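**Student:** This is the structure I have questions about; it appears just below.
Every number here is computed from the coordinates shown, using simple stated rules; none is lab data. Only a predicted model underlies this, so the values are computations on that prediction, with no experimental measurement involved. Positions of Cβ are generated from backbone atoms using ideal geometry, with glycine treated the same way; all protein chains shown enter the neighbour counts.
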Amino acid sequence: MKIGLEVHVALPTKTKLFCNDLAYENQDIPNSNVCPVCLGLPGSKPVLNKKALEISANIANSLNCKIPAKTSFVRKVYFYPDLPKGYQITQLDGAIGKEGYISIKNKKVGIRRVQIEEDPAKILREKDYSLIDFNRSGVPLNEIVTEPDIENLEELKELIKELRSILYYNGVDINQEIKSDLNISLAENRVEIKNVTGIKNLISAAEYEIQRQSQLIKDGKDVIMETRTYKEDTEETVSSREKETEEEYGFIFESDLTFYETSNIKLNKVVIPSKIAHELAEKNGYSEETIRELVMFNKRNLYLLSNTPKEDFSKAVALIEKFYSFGIMDYSDNQFEMMLKYDVSSMDKGTFMSRIEGKEPIKEADKKEIEEYLILTIKQDSTLQGREDEKAIGFLIGKLKQKYHMDSKEAKEIIEKTIKTQKVN
Amino acid sequence: MKEEFLYVDKEGYSKLVNHLENRNSELNAFNFIDKTEKEGKIISVKDNICVQGIPATASSKVLSGYVPNFNATVVDRLQKNGFAVVGKTNMDEFGFGSFGINSDKIAHNPFDQRYVAGGSSSGSAIATAIIKNHISIAESTGGSISTPASFCGVVGLTPTYGAISRYGLIDYANSLDKIGVMGRNSESLKYVMNIVSGQDEKDTTSVSNTLEEVRKDKLYVIDNFTKNINQTVLDRFEELLSRFSSDGYKIEHVKIDNLDYSLPAYYILSMAEASTNLAKYQGFKYGHKLKQFSMGYNEFFTEARKDFGMEAKRRIILGTFIRGKSFKQKYYEKALSIRAEIIKRMKSFLKEGFIISPTAPILTPKIDEVKDITPVEEYSMDMLTIPPNLCGFPHISFPYNYEKGLPLGAQLITDHFNDYALLDFVSHWEEGFKYRFAEEIS
């Protein structure tokens, strides 16, 4: 089985790829973020967004690609209503990344190309007409093309997770609906599934297609070389009934742009989270799977765990999980370090919160004073004497909270202990 | 003579417009004359260059009704310097032509209406020839400034590729298109060049290089460049050379190998690029709009694109063919190599001197004579203007003689960024030669 992928992801830039319109903000009103360039008006000219180039070079670098000394663009000519110029500006031979790979558990999946390109407009289909929203026209994308090195569904899932994780570490919005084309061939003939939206659909399209092709082979039938589309509602792929001719886009150099030097692009240190997870697991003798879960899509966790000494490592993992379980996301490095002092495994939220706020547990010396205060309080109030019920304890908790700023759990413990001791005495 | 421009106030403007409309009905110099009263130094702009609020059609039906909401950078810079655009000049559709006849309204030579004005910047040349002290912003891809300037007896400068921003230019072939200037003398051209040239952040291919004025006293005549030239044209040109020789220029006859390939290389590259540039005309966003919404989009586009003229259709088909997978290496990529090679060979001479030739290989033809010539015959008329255009070398066409009442132009080429040397050369020429202009409308 051979599976290859073409993934399109939108890049985290403020403005579009070839003009100064906002790429993602204020998109509610259709056709409000448009200009002569992204509308393809005659006379307009594209100017490359250097930030998009920088991000793309970093993505290519993270995917172990060769980055050419100069990168350039081509026109891909085809007619579709969402394509205002009648061609898409994209890359081919001059692509920003070539011949890279992604490492998954047991192998490397080749990356043929990372190319920068512009998103077409969005077509809104109504009952008997369509509308076009050009706000999306010109949004910067990377198309990442893999070699057909994926050999089963598990590898496909793993590859997608790995790729998304690397993209996330390059600042890409990981919640976007990633659009992909999928090539699957179980037999000789290649079947292409075009325009699958979202990861869930991608997996389920692959699942269906693998199933379909195996069944055909089992039945002794031919798998036809064709383009198919994935139907979300029925979770199956259907033939696009397009004529199977070789696509002819008549690529030509985009001479409104130039050759861009790549040597001066700032390349960040490559972060492969799964690799770091593996290293952390080895170094600290901890479960790799748990660390992966924590760091693949969380830069903070990766940072915290990488900076935790071995002796504190398991405490750090437990602490991160505790933060998660209490839904606390905005803690500082200092707070994290401070919390490492405590055994948080049995802490309730209240105690946990007061520790984060810097409140120390009650010291033994203070406990004595509190006990004395309790005894005195009970003595002075006849209605409290000899009682161990919830109402009485609740009242005392309130008192302690007010006087000593204790949290409920701590207060309750000390009240129960005091009452018990009093009884024995 | 110092630079002078026709300045009009609001009252004078209406008068000027009236005169122009009268003349335009016979000559077809303008696709659009702006009646909105304005004042300033009068210029005209080729109809493929955007002026905010004024129609831009590039003489194409597919663009009828397109009113750009932005200015080309050249127009912006001129308006800021007190120039006022009186109208948009006629041209061959999208720049596809050498005679000014590939337009709904055929352009007529202002010296004699039976003759062509030359193309594709036909209207700019006519306007310059008939309006007092006029300057017109034109554009050349393969000779569209030199040829009409020569036929209409005006000075036409095609600058180094990238010296003037193309922002706002409706593309023909992006790697070849150059906005340039036509005028009545070198001084006024220099004045305008100073305003319009220089890098523009809206056009990536515009360059920051300073334009120079390195004088040369050597004139190269490329012998294999000037073969196949009409005998009268050649005779007049020889006379011109003797004059330059007696003025102290050194004339040297040389041969540049494979220069013949520049014509096919040019047409391959320009058609390939043109066929992509014309893909944006789909009949529903701007310009001429098709209202048959019941059609599928393929059918709709096919119907809308029937509005292109014959030559545009020819270039779309040929250009698309050239870009095809199976032919790209055979034609397009070879043409790129030829361009690189010719640049190298011409440059070796241009470092030492200017290259000079007649601008057109023929005497100005009558409209009737060229109406029915084959496309290849028409393409071959560009043989003298194409090499510098293919290579992005600056060149200038200037009037040097009059044959049976019609002007003859010569073309001078220099090295990249030495544009002002051309104007300097012509200004010396102007000291000893008086241009005749067709009219003096003011």
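**Student:** Only Lys, Arg, Asp and Glu count, each charged at its Cβ (+1, +1, -1, -1), so figure out the dipole size of region A:327-407 about its Cα centre, rounded to 20 debye.
**Tutor:** Details: 13 positive and 17 negative charges, 61 e Å.
Magnitude of the dipole: close to 300 debye.
**Student:** Starting from the Cα of A:Glu99, step 7 Å along the direction of its Cβ; do the same at A:Lys299; then give the gap between the two resulting points in nm.
**Tutor:** 3.2
**Student:** Can you give the average number of partner chain beta-carbon atoms within 10 Å of each beta-carbon in peptide A:84-91, as a whole number? Before the final figure, lay out each step's value.
**Tutor:** Values: counts 3, 5, 10, 5, 0, 0, 0, 0.
Average per residue, whole number: 3.
**Student:** Another one. If you line up the Cα atoms of region A:273-356 on their principal axes, what length do they span on each, largest first, in Å?
**Tutor:** 36, 24, 20
**Student:** List residues of region A:397-425, by number, whose backbone nitrogen lies under 17 Å from a label position 7 Å along Cα→C-beta of A:Tyr373.
**Tutor:** A:397-419
**Student:** Find the eigenvalues of the gyration tensor of the Cα atoms of region A:259-305, then list the square roots of 5 times those eigenvalues as equivalent ellipsoid semi-axes, largest first, in whole angstrom.
**Tutor:** Equivalent ellipsoid semi-axes, largest first: 30, 10, 8 Å.
**Student:** I would also like to ask the following. Out of B:Ile42, B:Met271, B:Asn24, whose Cα points farthest toward the positive end of the dipole of the protein assembly as shown (charges: +1 Lys, Arg; -1 Asp, Glu; placed on Cβ)?
**Tutor:** Of the candidates, B:Ile42 comes out farthest on the positive side.
**Student:** Here are some pairs, A:Lys105/A:Lys200; A:Lys70/A:Lys107; A:Lys283/A:Lys315; B:Lys280/B:Lys306; A:Lys50/A:Lys161; B:Lys190/B:Lys351; which of them have Cα atoms lying more than 19 Å apart in this structure?
**Tutor:** Numbers: A:Lys105/A:Lys200 21 Å; A:Lys70/A:Lys107 30 Å; A:Lys283/A:Lys315 15 Å; B:Lys280/B:Lys306 14 Å; A:Lys50/A:Lys161 28 Å; B:Lys190/B:Lys351 22 Å.
Listed pairs above 19 Å: A:Lys105/A:Lys200; A:Lys70/A:Lys107; A:Lys50/A:Lys161; B:Lys190/B:Lys351.
**Student:** Cut-off is 10 Å between beta-carbons; in what order do A:Met225, A:Met406, B:Met182 appear when sorted fewest neighbours first?
**Tutor:** Values: A:Met225 13, A:Met406 24, B:Met182 32.
Listed from fewest to most nearby Cβ atoms, that is A:Met225, A:Met406, B:Met182.
**Student:** What FRET efficiency do you get for A:Glu235 and B:Gln329 if R0 is 51 Å and r is their Cβ-Cβ distance, rounded to the nearest 0.05? Intermediate values should be presented prior to the final figure.
**Tutor:** On the way: r = 44 Å, r/R0 = 0.87.
Calculated value: 0.70.
**Student:** Once every Cα of region B:1-151 carries one equal point scatterer and solvent is ignored, give the base-10 log of I(q)/I(0) from the Debye formula at q = 0.09 Å⁻¹, two decimals.
**Tutor:** Treating every Cα as an identical point scatterer, log10 I(q)/I(0) equals -0.24.
**Student:** Using only alpha-carbon positions, what ratio does the radius of gyration of region A:27-182 give when scaled by 2.2 N^0.38 Å? Walk me through the numbers before you get to the answer.
**Tutor:** Details: Rg = 17.1 Å, N = 156, 2.2 N^0.38 = 15.0 Å.
Normalised Rg, Cα atoms only: 1.14.
**Student:** What is the Rg over Rh value, at two decimals, for region A:364-424, using alpha-carbon atoms and the Kirkwood definition of Rh? Walk me through the numbers on the way to the answer.
**Tutor:** Details: Rg = 10.5 Å, Rh = 11.4 Å.
That ratio is 0.91, to two decimals.
**Student:** Which of B:Tyr115, B:Tyr172 has the fewest other C-beta atoms within 10 Å, and how do the rest follow up to the most?
**Tutor:** Values: B:Tyr115 23, B:Tyr172 27.
Fewest-to-most Cβ neighbours within 10 Å comes out as B:Tyr115, B:Tyr172.
**Student:** Would you calculate the separation in nanometres between label points at A:Glu416 and A:Lys161, each defined as 7 Å from the Cα along the Cα-to-beta-carbon direction?
**Tutor:** 4.1
**Student:** Still on this structure: For an R0 of 41 angstrom, estimate the FRET efficiency from the Cβ-Cβ distance between B:Thr36 and B:Asn230 and round to the nearest 0.05.
**Tutor:** On the way: r = 44 Å, r/R0 = 1.08.
Here the calculated transfer efficiency is 0.40.
**Student:** Moving on to the next point. Return the single residue from B:Leu336, B:Leu423, B:Leu263 with maximal mean-square fluctuation; model: Gaussian network over chain B, springs between Cα atoms under 10 Å.
**Tutor:** B:Leu336
**Student:** Provide the FRET efficiency to the nearest 0.05 for the B:Gln113-B:Glu4 pair, computing r from the beta carbons and using R0 = 35 Å. Display every interim value, and only then the final one.
**Tutor:** Details: r = 28 Å, r/R0 = 0.79.
Working from the Cβ atoms, E equals 0.80.
**Student:** With unit charges on the beta carbons (Lys and Arg positive, Asp and Glu negative) and the dipole taken about the Cα centre of the protein assembly as shown, which residue among B:Gly142, B:Trp429, A:Val114 sits farthest to the positive side?
**Tutor:** In the protein assembly as shown, that residue is A:Val114.
**Student:** While we're here: What list of ³J(HN,Hα) values in whole Hz, one per residue of region A:377-391 in order, does the Karplus curve 6.51 cos²θ - 1.76 cosθ + 1.60 (θ = phi - 60°) give from phi, with Gly and Pro shown as x?
**Tutor:** Going residue by residue, I get 4, 5, 4, 6, 10, 4, 5, 9, 5, x, 9, 10, 6, 4, 4 Hz, with x marking Gly and Pro.
**Student:** Oh, and also: Springs between alpha-carbon pairs under 10 angstrom, Gaussian network model over chain A: which of A:Leu302, A:Leu216, A:Leu11 fluctuates most?
**Tutor:** A:Leu216
**Student:** Between A:Ser263 and A:Lys70, what length in nm is gained on full extension when 0.36 nm per residue of separation is reduced by their alpha carbon distance? Could the numbers behind the result be given before it?
**Tutor:** On the way: separation 193, 0.36 × 193 = 69.48 nm, distance 0.82 nm.
So the chain would gain 68.7 nm between A:Ser263 and A:Lys70.
**Student:** Which residue, B:Thr374, B:Thr385, B:Thr141, tops the fluctuation ranking in a GNM of chain B built on C-alpha contacts under 10 Å?
**Tutor:** So, out of B:Thr374, B:Thr385, B:Thr141, the one fluctuating most is B:Thr374.
**Student:** Assigning unit charges at the beta carbon (Lys, Arg +1; Asp, Glu -1) and nothing else, what dipole magnitude in debye, to the nearest 20, does region B:258-304 show about its Cα centre?
**Tutor:** Numbers: 4 positive and 4 negative charges, 70 e Å.
So the dipole magnitude of region B:258-304 works out to roughly 340 debye.
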